[in-house]
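Notes for the one structure printed next.
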Amino acid sequence: MEKTQTSNGVSINGAPLTTEITREAVPGLLRNAIDERIVKIRPMATPIDQLSRCAGARPCNSMRVDYYSVDVKAVSAKTTALVDVEMLMPDDDGEYTVTLQTDNNAIFSPTETVLIPSVSVKGTDGVPQPMTLYVVASDRTAGVSAKVVGGKADAAGDANFGNIPKGVEIVRMGRAATELDVQTSQFEALPVKKNNFCQIFKMQVEQSTFQKLANKEVGWNFSDQEEVAVIDMRQGMEKNFLFGQKASFTEPNKHEEVYLTGGIWNQTTKTFGYVPGKLETGTLIELCRKAFTGTGGATRKILIGGSGLIEALSKVHYDKTLDAGGTFVKWGIEFREIRSNFGTLYVLHSEIFDQCGHADDGFVLDPDCLTKYCHVPFHTETLDLRRSGLRNTDAIVITEASCLVLRHPEAHMRVIAES
């Protein structure tokens, strides 16, 4: 067999194309058969790990994973200072330009229109309407300079609108270009480079008759001992994927570097708080509103929670606007549905939350925005402990080096019980 590497791929001459040759030439082309078997082992016990395996993993060539995270550009900001209309002077045409200070000046760009729903401008017919502004200039420090659309001074020199108070919401709208414009301000929502560490997960299984089984890695026939080991390994991985703290340090005895992966719990800043024992229909609707708004339009998400949160959800009185009771099966997991006018939550209880001290908490996950990186895919290695003189057994070591990241952190949300 002759193998030739070209810019367009790998050419095989003098031999039929087999799976063995394919794996040797292009290691990531064929799907990992072991993963297909793993996801069938108690999928309900480790939902996060289950979802990541069914979605597929991205290979990475280092234990340190660099990735880009980006959120939808903020749609609104709030004023941080009063705009006193008495201090404004109209221009030669009797129109007004105001300077706004907000808590996020950077989201506003020239040629954008913005709306202040709580402030009115009197139209030519005398009917008040929400204030619309046209952004002329924007600076992070100096503020947002904007023309008041329809803002005029009357015969007495008074403006046809009132003060713009501190703390009112300003909503971004569409851009308004002139006929000769061919360019506009650049969009400022750039991805932010973040990183996470792949953690090396290992599990060793010993069995006197294991050598025969270990030689057939692709057609893996799980023994009871192996299955228990894989379940225990996946549960440990699940805890790190959820609540792990990203860190690297030198192991004190071996003097080698150890990497701990950062969990997805700390990768989002979006949080919803509720009071245990007081989770009612209105609170659950508020939860759905926050989970599904400002996230790019996703209408289906997964809510994984501890026993306390699931119990509270089970006691909620549901009606026509908030329906529950249906089931949905996907990725080998059976979910309970909670349907609201904002979107559908697929609810699942996870004992991992209880074990990690989060029995009353939960996590709203958008599976489309979850990515798994693998430095070392899930695989087995045979150890010959008999020849090495350690024990009269054969053994295998199961290994995976991986991590999970949230591509759009604001598409996910922590649900936290408050005292």
Among residues of the range 293-305, those that are within 16 Å of the chain's Cα centre (by Cα), surrounded by 18 or more Cβ atoms within 10 Å (Cβ to Cβ) and either assigned to a strand (DSSP E or B) or of a type in the set (D, E, K, R) (or both), counted: 4
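Looking for whichever is assigned to a strand (DSSP E or B), modelled with pLDDT under 90 and open to solvent by 40 Å² or more (accessible area, probe 1.4 Å) here; the options are GLN211, GLN204, GLN235. Which one fits?
Exactly one of GLN211, GLN204, GLN235 is assigned to a strand (DSSP E or B), modelled with pLDDT under 90 and open to solvent by 40 Å² or more (accessible area, probe 1.4 Å), namely GLN204.
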Qualifying residue in the range 95-108 (condition: free of Cβ contacts under 8 Å to residues at least 24 places away in the same chain and under 14 Å from GLY151 (Cα atoms)): no
In the range 314-337, residue modelled with the highest pLDDT [restricted to those that are within 22 Å of ASP360 (Cα to Cα) and of a type in the set (Gly, Ala, Ser)]: SER314
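Take the residues in the range 240-261 that are assigned to a helix (DSSP H, G or I) and touching a helix residue (DSSP H, G or I) at 6+ places or on another chain (Cβ under 6 Å); name whichever of them is nearest to GLN199 (Cα to Cα). Break it down stepwise before answering.
Initial filter on the range 240-261 (assigned to a helix (DSSP H, G or I)): 240-243.
Right, trim to touching a helix residue (DSSP H, G or I) at 6+ places or on another chain (Cβ under 6 Å) and you get 241-243.
Working: PHE241: 10, LEU242: 13, PHE243: 13 Å.
Among residues in the range 240-261 that are assigned to a helix (DSSP H, G or I) and touching a helix residue (DSSP H, G or I) at 6+ places or on another chain (Cβ under 6 Å), the one nearest to GLN199 (Cα to Cα) is PHE241.
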Members of the range 268-292 that are open to solvent by 30 Å² or more (accessible area, probe 1.4 Å) and in a loop (DSSP other than H, G, I, E, B): THR269, VAL275, PRO276, GLY277, LYS278, GLU280
Selection count where residues are more than 8 Å from the chain's Cα centre (by Cα) and open to solvent by 10 Å² or more (accessible area, probe 1.4 Å), scope the range 401-419: 5
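Mind listing whichever residues of the range 92-118 are in a strand (DSSP E or B), open to solvent by 10 Å² or more (accessible area, probe 1.4 Å) and within 23 Å of GLY157 (Cβ to Cβ)? Lay out the reasoning, then the answer.
Here is the first cut: in the range 92-118, the ones in a strand (DSSP E or B) are 95-100, 102, 112-118.
Within this subset, residues satisfying the condition of being open to solvent by 10 Å² or more (accessible area, probe 1.4 Å) are 95, 97, 99, 102, 113, 115, 117-118.
The answer is GLU95, THR97, THR99.
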Some residue of the range 314-335 being in contact with an Asp or Glu (Cβ under 8 Å, 6 or more places away or on another chain), outside any strand (DSSP E or B) and open to solvent by 20 Å² or more (accessible area, probe 1.4 Å): yes
Among residues of the range 119-158, those that are in a strand (DSSP E or B) and more than 42 Å from the chain's Cα centre (by Cα), counted: 4
The one condition in (1) at positive phi; (2) modelled with pLDDT under 80 that HIS255 fails to fulfil: (2)
Filtered residue count, the range 49-84, keeping only those that are within 23 Å of VAL168 (Cβ to Cβ) and either open to solvent by 30 Å² or more (accessible area, probe 1.4 Å) or at pLDDT below 80 (or both): 10
Residue that is modelled with the highest pLDDT [pool: residues in the range 31-48 that are of a type outside the set (Lys, Arg) and outside any helix (DSSP H, G or I)]: THR46
Subset of the range 359-386 [open to solvent by 40 Å² or more (accessible area, probe 1.4 Å) and in contact (Cβ under 8 Å) with a residue 40 or more places away in the chain]: ASP360, ASP368, HIS375, VAL376, PRO377, HIS379, THR382, LEU383
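Within the range 160-177, can you find the residues that are part of a strand (DSSP E or B) and open to solvent by 30 Å² or more (accessible area, probe 1.4 Å)?
Going residue by residue through the range 160-177, those that are part of a strand (DSSP E or B) are 161, 164, 169-175.
Listed by number, the residues that qualify are GLU169, VAL171, ARG172, MET173, GLY174, ARG175.
The values are calculated or read from the model by the stated rules, or taken from the named source; none is laboratory data. Computed from a predicted structure; not experimentally measured. Here the Cβ is made from the backbone with ideal geometry for all residues, glycine too, and neighbour counts use every protein chain on show. Surface areas here come from the heavy atoms of the whole protein model, side chains and all, with no ligands, DNA or RNA. Shrake-Rupley method; radii C 1.70, N 1.55, O 1.52, S 1.80 Å.
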